[in-house]
Amino acid sequence: MKKAYAIIIRNGLILLVRRPGMPIWDLPGGDLLSNEKERDGMRRLIKEMLSFESTVEDLIGIYTKEYHEEITYVYKVQETVSQSPMESQDYAAFNFFDIHNLPLNIFPDRHRQIRDYLTGRYPVRWRFKRNTWLVRIEKFINKRKK
């Protein structure tokens, strides 16, 4: 499964979104269609989810996880019209944050991806390792089920 997420900067602030029922901030984006090119999919997702036209600029990175089949593409995206109004039925909330002072409740992988953007040295390829604490918790839960 392929996914694409956008880093959108406005006045030095980064756009983060929250999905309904999820108390976690994330980058805007989501699943790509099966035969969709990544950049085209990114543009489509921004149009569908935030209701504004965009230009997909630089590829920040391609990210995989050793325990999942998904590939995540993160792009720098620019609003076609500056200060575009945003509407969304897909997101419960969206807000701009200081890129150097992100909220604590942000999706864990996004810290790395935003840091890669801040370095200015991209595109990068990164494989997230399995979190050892999650492995321990899964083992504990499985033992309790038996």
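The numbers here are math on the coordinates, done by the rules we state, and not lab data. From a predicted model like this one, the values you see are computed outputs, not experimental measurements. Glycine gets a Cβ as well: all are built from the backbone with ideal geometry, and neighbour counts include every protein chain shown.
Table: residues versus (1) surrounded by 12 or more Cβ atoms within 10 Å (Cβ to Cβ); (2) touching a helix residue (DSSP H, G or I) at 6+ places or on another chain (Cβ under 8 Å).
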{"site": "ARG39", "(1), (2)": "yes, no"}
{"site": "MET42", "(1), (2)": "yes, no"}
{"site": "ASP58", "(1), (2)": "yes, no"}
{"site": "THR64", "(1), (2)": "yes, no"}
{"site": "ILE71", "(1), (2)": "yes, no"}
{"site": "GLN78", "(1), (2)": "yes, no"}
{"site": "GLN83", "(1), (2)": "no, no"}
{"site": "GLN89", "(1), (2)": "no, no"}
{"site": "PHE94", "(1), (2)": "yes, yes"}
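For THR80, the conditions (1) farther than 20 Å from LEU33 by Cβ; (2) of a type in the set (Val, Ile, Thr); (3) in contact (Cβ under 8 Å) with a residue 60 or more places away in the chain all hold with the exception of (3). Every listed requirement among (1) surrounded by 15 or more Cβ atoms within 10 Å (Cβ to Cβ); (2) within 17 Å of VAL17 (Cα to Cα); (3) of a type in the set (A, V, I, L, M, F, W, C) is met by PHE128 save one, (2). Pairing residues of region 20-42 that are farther than 14 Å from ALA4 by Cα with residues that are acidic (Asp, Glu), at Cβ distances under 9 Å and at least 6 apart in sequence or on separate chains, gives PRO20/ASP90.
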